[in-house]
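*Asks:* Sharing a structure, written as structure tokens. Questions coming.
Please treat every number below as a calculation from the coordinates, not as lab data. Please read all numbers here as calculations on a predicted model, not as lab measurements. Cβ coordinates were reconstructed from backbone atoms using ideal geometry, including for glycine residues, and neighbour counts include every protein chain displayed.
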2 protein chains.
Amino acid sequence: MNKAAVILLSGGLDSATTLALARAEGFDCYALSVAYGQRHSSELQAAASIAQMLGALEHRTMRVDLAGIGGSALTDSNIAVPETPTTGIPSTYVPARNTLMLALALGWAEVLGSQDIFIGVNAVDFGGYPDCRAEFIGAFEKMAALATRAGAEGHPCRVHTPLISWTKAQIICEGLRLGVDFSSTVSCYQADELGRACGRCDSCRIRRSGFEAARVPDPTRYRPV
Amino acid sequence: MNKAAVILLSGGLDSATTLALARAEGFDCYALSVAYGQRHSSELQAAASIAQMLGALEHRTMRVDLAGIGGSALTDSNIAVPETPTTGIPSTYVPARNTLMLALALGWAEVLGSQDIFIGVNAVDFGGYPDCRAEFIGAFEKMAALATRAGAEGHPCRVHTPLISWTKAQIICEGLRLGVDFSSTVSCYQADELGRACGRCDSCRIRRSGFEAARVPDPTRYRPV
């Protein structure tokens with residue numbers, strides 16, 4: 001019997017590759033998407049297709065109603081998604097998002113009897129997000145070992161971050177090698193309801209440069225300007 | 001101007017006292033309840049009244065749909081709430097619950113510009129829950145300092161646990177001194193829709209013994225047997 005792992009799956013390029021990597025390592029994959037009120041909800045539909053295409057045993061979408069606290073361009077329609085490069089932590093940072101998503105994954109892992117969580121964080125392209133750094137992930141693991149029944153009983157959970165130090169081009173090449181269909185992934189922060197990308201936000205820019213650097217065709221569906 | 005704090009408010013005796021303590025310390029209190037599918041949802045109505053009675057500036061209820069993962073007597077109606085004392089971690093333990101609730105509090109605190117979270121965990125009566133221990137809270141604080149924009153910018157969040165080493169009787173005495181109306185609080189794991197307690201679950205037993213030890217009348221509304 002394979003070991004079970006919970007894979008956080010946003011529907012973007014990184015998390016799709018992460019799922020493919022976890023499968024390639026022989027895990028039975030339980031894909032978890034989190035609907036937290038993000039404006040790009042078409043990524044959740046993408047996640048469902050990707051989970052199926054990449055052989056996840058199960059895909060669940062947990063819904064979190066943040067009761068309108070806002071605080072991010074991704075959850076508050078009054079804050080614009082930046083379309084020019086910024087320095088520091090961008091306005092698309094969602095307060096405590098990775099902590100929240102990992103907490104949900106931790107709960108599901110415990111119910112499944114799994115000790116493995118995969119998250120596609122990347123510190124190269126998303127160095128501006130504090131919760132994409134290795135130090136954060138390490139601290140989360142330490143906390144998780146104390147948080148759960150499984151941890152208290154000597155079975156702590158490991159948080160795998162296979163992409164953390166890869167460039168976008170490396171992620172794309174590895175994903176292609178593992179059969180990920182990137183045309184089904186949605187990375188854009190303001191994708192339309194058909195999953196078509198704006199081509200202008202940070203996430204679109206990083207993704208497009210990744211395909212260029214990897215010297216492979218960009219299969220992204222962009223919406224007409 | 002007072003400092004703002006986020007107070008996790010379940011609607012039970014401990015969190016009501018915690019809110020009263022935070023107010024007494026001079027914080028502007030933002031009360032946060034989390035609807036995670038618990039069977040005793042009347043505690044959420046209790047939380048709304050308590051927030052108002054104890055002078056919270058705002059009360060929000062965040063809803064988390066755990067997509068039916070279950071794993072606890074509190075979230076899965078197929079698992080009975082135990083009515084006799086148990087050893088070890090009880091079946092009412094909800095996987096990663098305090099991690100999840102603290103993550104939500106952390107997100108709101110960051111949006112508010114607050115560096116203070118209060119949670120009414122208690123390691124004396126709830127020593128069986130791993131996420132009620134001081135070591136867990138300390139590890140959460142360390143993780144949170146790395147997780148957020150505020151933490152990354154040198155303003156980490158403190159998690160206050162004023163009740164952590166108090167007995168239930170001490171909590172009750174302090175709550176009464178601060179004017180908490182315990183008849184409005186709901187502790188029972190299987191309270192009915194009117195908020196009336198069963199009198200038999202762990203939580204009811206611990207609460208009733210607390211009033212006895214404190215030598216004050218028990219104002220709990222029990223439902224007819």
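*Asks:* Please go through region A:18-58 and pick out each residue that is β-branched (Val, Ile, Thr) and farther than 21 Å from A:PRO95 by Cα.
*Replies:* First, pick out the residues of region A:18-58 that are β-branched (Val, Ile, Thr): A:18, A:34, A:50.
Correct list: A:THR18, A:ILE50.
*Asks:* Right, another one. Give region B:191-202 a look and list any residue that's in contact with a helix residue (DSSP H, G or I) (Cβ under 9 Å, 6 or more places away or on another chain) and either under 20 Å from B:ARG177 (Cβ atoms) or of a type outside the set (Lys, Arg) (or both), or say none. Spell out how you get there, then give the answer.
*Replies:* Restricting attention to region B:191-202, the residues satisfying the condition of being in contact with a helix residue (DSSP H, G or I) (Cβ under 9 Å, 6 or more places away or on another chain) are B:191-199.
Of everything in region B:191-202, those that are in contact with a helix residue (DSSP H, G or I) (Cβ under 9 Å, 6 or more places away or on another chain) and either under 20 Å from B:ARG177 (Cβ atoms) or of a type outside the set (Lys, Arg) (or both) turn out to be B:ALA191, B:ASP192, B:GLU193, B:LEU194, B:GLY195, B:ALA197, B:CYS198, B:GLY199.
*Asks:* Given the criterion within 30 Å of B:ASP181 (Cβ to Cβ), more than 8 Å from chain A (Cβ to nearest Cβ), buried (at least 23 other Cβ atoms within 10 Å of the Cβ) and acidic (Asp, Glu), identify the matching residue among B:GLU58, B:GLU83, B:GLU43.
*Replies:* On the way: B:GLU58 fails: buried (at least 23 other Cβ atoms within 10 Å of the Cβ); B:GLU83 fails: buried (at least 23 other Cβ atoms within 10 Å of the Cβ).
B:GLU43 is the lone residue from the list that is within 30 Å of B:ASP181 (Cβ to Cβ), more than 8 Å from chain A (Cβ to nearest Cβ), buried (at least 23 other Cβ atoms within 10 Å of the Cβ) and acidic (Asp, Glu).
*Asks:* Looking at region B:61-80 only, could you name the residues that are within 14 Å of another protein chain (Cβ to nearest Cβ) and either among the hydroxyl-bearing types (Ser, Thr, Tyr) or touching a helix residue (DSSP H, G or I) at 6+ places or on another chain (Cβ under 6 Å) (or both)?
*Replies:* Applying the first criterion (within 14 Å of another protein chain (Cβ to nearest Cβ)) to region B:61-80 yields B:61-76, B:78-79.
B:THR61, B:MET62, B:ILE69, B:GLY71, B:SER72, B:THR75 - these are the residues of region B:61-80 that are within 14 Å of another protein chain (Cβ to nearest Cβ) and either among the hydroxyl-bearing types (Ser, Thr, Tyr) or touching a helix residue (DSSP H, G or I) at 6+ places or on another chain (Cβ under 6 Å) (or both).
*Asks:* Determine whether region A:140-151 contains at least one residue that is more than 10 Å from every other protein chain (Cβ to nearest Cβ) and either part of a loop (DSSP other than H, G, I, E, B) or more than 15 Å from the chain's Cα centre (by Cα) (or both).
*Replies:* We begin by selecting, within region A:140-151, every residue more than 10 Å from every other protein chain (Cβ to nearest Cβ); these are none.
No, that holds for no residue.
*Asks:* Would you check if A:PRO162 is under 17 Å from the mean Cα position of the chain (by Cα), more than 9 Å from every other protein chain (Cβ to nearest Cβ), touching a residue at least 40 places away in the same chain (Cβ under 8 Å) and not in a helix (DSSP H, G or I)?
*Replies:* Details: under 17 Å from the mean Cα position of the chain (by Cα): yes; more than 9 Å from every other protein chain (Cβ to nearest Cβ): yes; touching a residue at least 40 places away in the same chain (Cβ under 8 Å): yes; not in a helix (DSSP H, G or I): yes.
Yes; evaluated as a whole, the condition is true for this residue.
*Asks:* I'd like the full set of residues that are buried (at least 20 other Cβ atoms within 10 Å of the Cβ) and either in contact (Cβ under 8 Å) with a residue 24 or more places away in the chain or farther than 16 Å from A:ASN98 by Cα (or both), limited to region A:134-148. Steps first, please.
*Replies:* Residues of region A:134-148 that are buried (at least 20 other Cβ atoms within 10 Å of the Cβ), as a first pass: A:136-137, A:139-140, A:143-148.
Listed by number, the residues that qualify are A:PHE136, A:ILE137, A:PHE140, A:ALA144, A:ALA145, A:LEU146, A:ALA147, A:THR148.
*Asks:* When you look at B:ARG158, is it over 18 Å from B:GLU110 (Cα atoms) and surrounded by fewer than 20 Cβ atoms within 10 Å (Cβ to Cβ), yes or no? Walk me through how you get there before you give the answer.
*Replies:* Details: over 18 Å from B:GLU110 (Cα atoms): no; surrounded by fewer than 20 Cβ atoms within 10 Å (Cβ to Cβ): yes.
No: the conditions fail for B:ARG158.
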